[in-house]
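Let me begin by presenting the structure, written as structure tokens, before commenting on it.
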There are 2 protein chains.
Amino acid sequence: MGITKSEIFTKEQNKLATMLKAIAHPARIAILQHLIKADACICGDLVEELGLAQATISQHLKELKNAGIIQGTVEGASVCYCINPKVWQQYKKELDALFGSYKGSTGCC
Amino acid sequence: MGITKSEIFTKEQNKLATMLKAIAHPARIAILQHLIKADACICGDLVEELGLAQATISQHLKELKNAGIIQGTVEGASVCYCINPKVWQQYKKELDALFGSYKGSTGCC
DNA sequence: AAGTATCATCGTAATATTGCGATATACTTG
DNA sequence: CAAGTATATCGCAATATTACGATGATACTT
């Protein structure tokens with residue numbers, strides 16, 4: 001009834017799903033792309049850049065931070081965000097593994 | 001208000017998010033992995049394999065089919081599903097582009 | 001200390017997702 | 001054609017997500 005039955009899946013499957021869910025939102029993709037382009041930026045920049053309310057941006061940043069894919073450092077009154085290189089590479093690796101595991105086939109179609 | 005403001009994002013960002021959302025669920029990852037391993041299979045196989053109700057599996061299959069990542073062919077009374085190689089490669093390419101666009105940096109951390 | 005800027009959290013409303021039983025549809029077999 | 005098999009769809013209940021205003025917390029400035 002509306003709750004994902006995570007106990008019937010493997011740890012890997014649940015982890016991958018959580019990972020993908022973290023970046024499966026246009027706002028969060030936009031945030032990541034902006035972080036890549038600008039190297040780093042503060043929350044206020046993203047509010048201006050994306051045109052969403054500050055509370056909304058903060059919430060998305062929190063989810064990305066929970067996923068580990070970004071990290072924030074307090075810098076005076078503001079918080080500077082940037083990509084977490086290690087986690088980024090790990091994401092890349094795991095997605096490569098998933099998408100690389102399919103070698104094509106005749107299937108049934 | 002609970003509705004994603006897709007109009008403020010680019011077509012690419014929305015497309016990527018939709019793509020990722022399609023596979024951002026452990027059941028759908030499990031389905032894809034089974035399809036990769038078995039080359040092809042019918043809905044009933046997945047019901048047994050995953051331990052979810054038939055209606056639930058059918059719904060997940062529908063979402064994967066909507067995303068274009070799998071395709072089904074009617075085979076008598078049953079429907080045979082398999083990976084769509086073209087779309088699979090496209091997904092792979094777009095994710096490589098996203099994850100390859102980050103070349104590391106000092107960030108701010 | 002008071003004021004300002006920046007960000008996080010709370011609470012809420014709207015909407016979306018998840019899972020399933022029941023039922024409908026389509027094909028096969030006797 | 002009737003009965004069986006396989007899948008899709010409907011309708012519902014439970015839960016999750018999205019967005020935002022209001023408010024709280026923190027740190028810098030004067």
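A few remarks follow.
- At R0 = 25 Å, FRET efficiency that the Cβ-Cβ distance of residue A:12 and residue A:86 yields, to 0.05: 0.85
- Spatially close lysines, pair count over region B:11-100: Cα under 22 Å, gap of eight or more or interchain: 25
- Averaged over the residues of B:8-21, the number of partner chain Cβ atoms lying within 10 Å of the residue Cβ comes to 5.
- Heavy-atom accessible surface that A and B bury in contact, both chains counted, 1.4 Å, Å² to 100: 4200 Å²
- Counting, for every residue in A:55-64, the Cβ atoms of other protein chains within 10 Å of its Cβ and taking the mean gives 0.
- The phi torsions of region A:59-70, fed into the Karplus equation with coefficients 6.51, -1.76 and 1.60 and a -60° offset, translate into couplings of 5, 5, 4, 4, 5, 5, 6, 4, 6, x, 6, 10 Hz, rounded to whole numbers, with Gly and Pro shown as x.
- Sorting B:92, A:15 on solvent-accessible area from highest to lowest, probe radius 1.4 Å, gives A:15, B:92.
- Counting, for every residue in A:85-94, the Cβ atoms of other protein chains within 10 Å of its Cβ and taking the mean gives 2.
- Label-point distances for residue B:15 to the equivalent site in the other copies, using a point 7 angstrom along Cα→C-beta, read 3.1 nm when ranked shortest first.
- Helix A:26-38 vs. chain A, principal-axis angle (Cα, 0 to 90°, nearest 10): 60 degrees
- 7 Å along Cα→Cβ, label-point gaps from residue B:39 to other copies, nm, shortest first: 5.3
- Amide hydrogen proximity for residue B:42: with H placed 1.01 Å from N in the peptide plane, the residues at 5 or more positions away or on another chain lying under 5 Å are B:81.
- Comparing mean-square fluctuations of A:68, A:51, A:76 from a GNM of chain A with C-alpha springs under 10 Å, the top value falls on A:76.
- Accessible area of residue B:35 in the full protein assembly, 1.4 Å probe (Å², nearest 10): 0 Å²
- With its label point defined 7 Å out from Cα along the Cα-to-Cβ axis, residue B:86 lies at 4.3 nm from the matching points of the other copies, in increasing order.
- From helices alone, chain A scores -18000 deg cm²/dmol at 222 nm; the rule is -39500 (n - 2.57) for each run of n ≥ 4 DSSP H residues, then divide by the residue total.
- Each Lys and Arg adds +1 at its Cβ and each Asp and Glu adds -1 at its Cβ; summed about the Cα centre, chain A shows a dipole of about 460 debye.
The values are calculated or read from the model by the stated rules, or taken from the named source; none is laboratory data. All values reported here derive from a predicted model rather than from experimental measurement. So basically every Cβ, Gly included, is an ideal-geometry build from the backbone, and we count neighbours across all protein chains shown. Please note that ligands, DNA and RNA were not included when accessible areas were found on the heavy atoms of the full protein model with its side chains. Shrake-Rupley method; radii C 1.70, N 1.55, O 1.52, S 1.80 Å.
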